[in-house]
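**Q** Before we start, here is the structure in question, set down as structure tokens.
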Amino acid sequence: MSKLEQDRQLSPCVNVCFLNDDDVCVGCYRTGMEIATWGRMTGREQREVLELVKEREQASAFVAN
């Protein structure tokens, strides 16, 4: 396994796939574009998306802060 493959992140998908009016999945908090391009992203890009996911999840009405 190459270093790039080792650096890749697991998808945050939880099999609850529904995009809201802001184009954000209510299950994993990724945008439609982030979902579509996840497999082509570098590990660094995936980690950046995961940080955005964390921010979106915390701002969500579905997660207690």
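The values are calculated or read from the model by the stated rules, or taken from the named source; none is laboratory data. Owing to the predicted nature of the structure, the values given are computational and were not obtained by experimental measurement. Cβ coordinates were reconstructed from backbone atoms using ideal geometry, including for glycine residues, and neighbour counts include every protein chain displayed.
**Q** Residues of the range 34-48 being β-branched (Val, Ile, Thr) and closer than 12 Å to Val24 by Cβ, which ones?
**A** If the condition is that a residue be β-branched (Val, Ile, Thr) and closer than 12 Å to Val24 by Cβ, then Ile35 is the only one that fits.
**Q** Taking the condition of being in a loop (DSSP other than H, G, I, E, B) and crowded, with 17+ Cβ neighbours inside 10 Å, how many residues in the range 26-46 meet it?
**A** The qualifying residues number 3.
**Q** Which one of these does Arg30 not meet: (1) modelled with pLDDT of 95 or more; (2) charged (D, E, K, R); (3) more than 9 Å from the chain's Cα centre (by Cα)?
**A** (3)
**Q** Here is a follow-up. State which residue is surrounded by the most Cβ atoms within 10 Å (Cβ to Cβ) when the search covers only the range 55-65 and only residues that are in contact (Cβ under 8 Å) with a residue 24 or more places away in the chain and not hydroxyl-bearing (Ser, Thr, Tyr).
**A** Step by step, filter the range 55-65, then rank; the result is Arg56.
**Q** Please identify the pairs in which a residue from the range 1-27 that is more than 17 Å from Glu48 (Cβ to Cβ) has its Cβ atom under 8 Å from the Cβ atom of a residue that is modelled with pLDDT under 90, counting only partners at least 6 apart or on another chain.
**A** Listed pairs, sorted by first residue: Val26/Phe62.
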